Every structure is written in structure tokens, then in C-alpha cells.
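The values are calculated or read from the model by the stated rules, or taken from the named source; none is laboratory data. The shown structure was predicted, so the numbers you read here are calculated from the model rather than taken from an experiment. Note that we place each Cβ from the backbone using ideal geometry, even for glycine, and neighbour counts take in every protein chain shown. The area values use the complete protein model at the heavy-atom level, side chains included, leaving out ligands, DNA and RNA. Shrake-Rupley method; radii C 1.70, N 1.55, O 1.52, S 1.80 Å.
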Amino acid sequence: MADIRAQENQPPAAASVDSARRPGLVVLALWFGIAGSLAEVAIHLLRRYARHRFMFLSDDVVWMGPVMNTVLLLFVGGIVWLVQRLRHRSTDGWIPPFLFLSTLGVLIAYPRLHWSADAVLAAGIAYQLNRVIRRRHLTFARLVVRTTPVLVALVVILAGALHLMRWRVSRRMARPAVTAGAPNVVLIILDTVRGLGLTGGDLVDSLMPRVGARAGSAVRFSQAYAAGSWTLPSHASMFTGQWPAVHRANWSAPLSDSFPTIAEALVRVGYATAGFVANKEYASRETGLARGFEEYHDYLVSPGEFIRSSALLRLIGQSLPLRRVIGQEQSLGRKDGDEVNREALAWLGRNRDRPFFVFLNYFDAHAPYLPPSPYDSALLRLPGAEGKDPQRRFRSTWQEMLPPEPILEESRVAYAAAVGFLDSRVAALFDSLEARHLLRNTIVILTADHGEEFGEHGTIGHGHNVYRTTVQVPLMIWQPGLPPGRVSRPVTLRDIPATIMNATGLPTGIFPGHSLLELSSASDSIRSELVWVPGLPKEYGVGDGDQDSWIVDSIRVIERVGGRKESYNVYQDPFEGGSVKNR
């Protein structure tokens, strides 16, 4: 024992340590990769439950993070090994860079400082820890060798427990017999698709010809209003029938389980329920929208999600300047309409024994507007676009100060191209359902969660106000035996749960509101709300208080904090005083 202590107190150059006792590159990469990743996960959980912030990460981060951090450290370790071999030095100097990268990843996972400040702090911490390890290198070596198998086993256990928990949630849901012939229900929500055309008229008529062609066989609502002007509160209202000010799902709070969802109501009477979500942030499982779904597909196990599972790689991969340099401006791990369709159709192929409720969320019209070829060809018609890659014509303007008109026009063109691609994917879903004879006894509801502004009221994007540009959305309902037609009176998406219950022949009293299919009865209220949350970062741009709107006869009233009111005629001023270019 005295000899070991004497060796540990010697400097490394003087210590005669058998190289077999030293953990090699792979073992060290595993140890630092797993330990650092688990520390990152702990930080994310701390932010989620102590500071009430969404993680915006897949649950699979518990195993994808260790895998990706280990790969990163192996890559860095390989570079260190190569450099040391070329300089004819010892090839075991991996600990200092591993300490630095692991510490930096943990600091970045808790975003309180700029990444450059995190790097300086990580360098200092790594330097001090390396000094301790050099003095106790034998003890550290034994610790790494003995605990690496434990860490690997822990990751395997966490991954297995995660999948077991998902399986148990699905199996725990009641599955009584459904009345024979009960209709299927498909709810399609197009993220960020406004009802107003960019220069007037109806957006579906101008930019979605395939969906528009099918609209002739649907009940089509010319004035449908979302309950909120951004994703989570709008979806929550469509799932529960509650107004945003009541359910309180917001930027940092998930949907409360105090309110039943339409998926819970249907699964309890025997429906097979599944959700397929492309908006992996504010429509993901952690927002509470997954309640009642036996399966809920949000995050993919994809290269993009592997990169996002590591805090350090996520910071690098989300750098817009870097992505522009390499010609890849698309968001990491973004799920397009093709993937949503594949997931949904694969699930439908496995679930044909019960009536089903399927919810699909498409994200293709959301910024950044980067549709694939040939839909991106519209960008080539912009001034100065000759010889340029259309995928690099987009400038990220969402949540920034209002850009100049040429940039706004570029964003409008890119948005129109993205909506065109979305139109093709929704049409492909309809074609597949038709080919499988699934539309014969299926109610299809197609709508959007909110719209998008392009400078009409001095803002870009959504979630900033409750003007019609951000809350008026398309709404169409197809039901076998229901005569098609167009409804011009204003309606609210808050009535969707009551509509589904009515259309399936189930008691409607579970949810507030009226069935939209009872065309003779009007909604109690047509409201759109923006609930302000104290402490939001300035870039969210929601002002300093709640915004509310409602319709009385043909007048739409918008009330802001302090009682300031605006009034607009819903038939004579669709843009509500907004400045619209090229009308």
C-alpha cells in the first residue's frame, strides 16, 4: 500500500506504471462520454422540473447522448493519437481534452452563459481536475476500469426501461368493444398555415391546389379561427375544447391533466389512437398533448437527433452561420411530410381490427421555409437569384426585427413554396388512404394551428398578436354521407372535440362547445387569445400583457393590455388594417 501511495505522489514521468493498468482510448471515451452525457441529462431534468423549461429533446437522449458523446471523444482522441505519433511522443494524452469537452458539454446544457464564456470556464475546470488526476493517476485508472462496465450497463438499463414504460402506457389504456360500424377519425393539423392568402383571398385556393380540389366534397368553413396564435395553446384547445386562458398550456407549462383530451375520450371507448407529430418542440410528448394516444411518434431516431442529443454537437449543429457555410440550412432532425405519412401509414397497416383516431401534425410550412426540389424552384425567380442555390436563398427572419421589404418578399415566396410542398404531402396521404379503402367510413378534419405574418402588422412569424393573419386558418370536414358545402359564418377550432364526439355518435357533454356539423347552431363565442407569461425572453415578442379577441355580429374586437381596443369588420377588412404589399 505504501508503494502504491508513493507511486501516486510521483509525477507521471517518474511513476513506473504498467501500461496494462492504464485505460485505453476506447475505455476512456466510453467513461467520459457516458458520464458527461448523464450529467447533461441531469441538467435538462433540473431545468424541466425546477425551472419549468421544456427540454425539447427526445426521451431517447438517455442512450443516444452517451453514444454520440463517445463517438465525438473517439474522434478527438484519434486526432490526439495521430498528432502524438507524428511527434514521436507518448500516445495516451487523452484525458485533458476529454475533461475539457465533457465539462463544456455540461455547461452548455445549462444555458446561462455565452458559449465562449462556457469554454473559458470549462478550460479552467478541466485544468484543475487534470492536476488532481495526475497526482492520483493510479486511483483514477482503477476507477475508470472498474466503473466503465457499470456505466455501460446503466445506459442499457435506462434505454430498456424507457421502451418498457412506453409499452406499458400503451397496454394500460382501456380497450372495450366499440359499437360495430363506428367511424374512424383522422385529424390533420397543418402547422403554420394561414387562412388568408398572402395578397388576399383564400390561401388554400391560391397555394394548395390538390387540397383545394378535394375541398369540393367537404364542408368548408371560410372563417375558422384558432383559439391561439401559436402551436401549443392552439393544439391544447383543439384537444380539450378549453380556451388558452383556461387550460394555461404555454411557453413553459404543459397541458394540465385536469382537462380530458379527445384522444382519452376515444381510447376509453375502444378506439385505437395514434399521433404523428412533426413539430417536435411545442407538440411533442413533453407538452402533454400525447395523453390518450397509445402510440405517439414525435422525435425520430435519426442522424439529426443523434447530433442534438449531445449538448456540444447541438450547439455546433444549430449554428446558422456554420450551416450556411456548408450549404445546409435545414433544422437538425427536422421531420418532413413524407416521414409523417410513412409513420402513419405503417401504423394503420398494423391496426385494422378497431376503429382508429389518428392525429397528424405537418411542419413543412414552418420557418425555415426550405421545401425540397422542385418546389424550391420558385426561389430562383427572385431578383438576384441567378446561379444561386435555392436552398440558400432563405434568410431566417422569424422572431427578428422586421426586415426590409425585399427580404419580406423573399420570405413570402419561400413560404408559398413550402406550402406547395405541404399540399403535395397531404394529397399523398389522401391518395394512400383512398387506395386502402380507409376513407369509406372515416371522418377527416383538416385545419391548421395558426397562421403566419409577413409584416402586415409590423411583425414576422406568429405568436406575437391575435390578428387574423395569425389566427384565421383553413378548416374542412369530410364525413361519409354529409353533403358538401361552404359555411361563411365565423367558427372556432375550440369546437373540434365536441364535433368529433358528435360525429362518432358519442356523448358530447364531456367537452364544451358545439359540434361544427350542427350547421344551424352558432358557437357560443369566437375567441382567439394570447396569454402572456412573465419572464419570457424578449425575442418571443409577445409584448407585456395578454391579448384577447372576439367577434360580435360582423365586428371583430381585439383588446390589449390596459383595455386598448381595436375593431374591424370581418367581411370588409380581412387584413384588419394591416399593410399588405403587392395586393
Can you tell me which residues in region 311-338 are at pLDDT 80 or above and charged (D, E, K, R)?
R314, R334, K335, D336, D338
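What about S37, is it crowded, with 17+ Cβ neighbours inside 10 Å, touching a residue at least 24 places away in the same chain (Cβ under 8 Å), polar (S, T, N, Q) and in a helix (DSSP H, G or I)? Quick ask: steps written out before the conclusion?
Numbers: crowded, with 17+ Cβ neighbours inside 10 Å: yes; touching a residue at least 24 places away in the same chain (Cβ under 8 Å): yes; polar (S, T, N, Q): yes; in a helix (DSSP H, G or I): yes.
Against the criterion (crowded, with 17+ Cβ neighbours inside 10 Å, touching a residue at least 24 places away in the same chain (Cβ under 8 Å), polar (S, T, N, Q) and in a helix (DSSP H, G or I)), S37 qualifies.
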Just for region 2-44: of the residues that are charged (D, E, K, R) and closer than 17 Å to R142 by Cβ, which one is modelled with the highest pLDDT?
R22
Counting only residues that are open to solvent by 10 Å² or more (accessible area, probe 1.4 Å) and of a type in the set (K, R), give me the helices (runs of 4 or more DSSP H) lying completely in region 192-269 with at least 1 of them.
209-214, 262-268
Sole miss for L164 among (1) open to solvent by less than 70 Å² (accessible area, probe 1.4 Å); (2) more than 30 Å from L446 (Cβ to Cβ) is condition (1)
Members of region 473-520 that are among the charged types (D, E, K, R) and either in contact with a Lys or Arg (Cβ under 8 Å, 6 or more places away or on another chain) or outside any loop (DSSP other than H, G, I, E, B) (or both):
R486, R494, D495
Is there a residue being more than 21 Å from A416 (Cα to Cα), open to solvent by less than 10 Å² (accessible area, probe 1.4 Å) and in contact with a Gly (Cβ under 6 Å, 6 or more places away or on another chain) anywhere in region 358-365?
yes
Residue by residue through region 145-160, note down the ones that are out of contact with any Leu (no Cβ under 7 Å at 6 or more places or on another chain) and either open to solvent by 50 Å² or more (accessible area, probe 1.4 Å) or of a type in the set (K, R) (or both).
V145, R146, P149, V150, L154, V156, I157, L158
Selected residue (criterion: surrounded by the most Cβ atoms within 10 Å (Cβ to Cβ)) from residues of region 412-456 that are among the β-branched types (V, I, T) and not in a strand (DSSP E or B):
V419
Residues located in region 298-313, provided they are open to solvent by 10 Å² or more (accessible area, probe 1.4 Å) and either assigned to a loop (DSSP other than H, G, I, E, B) or under 18 Å from I262 (Cβ atoms) (or both):
D298, Y299, L300, V301, S302
Note on region 493-516: residues of a type in the set (A, V, I, L, M), within 13 Å of T261 (Cα to Cα) and open to solvent by less than 40 Å² (accessible area, probe 1.4 Å) are I496, A498, I500, M501
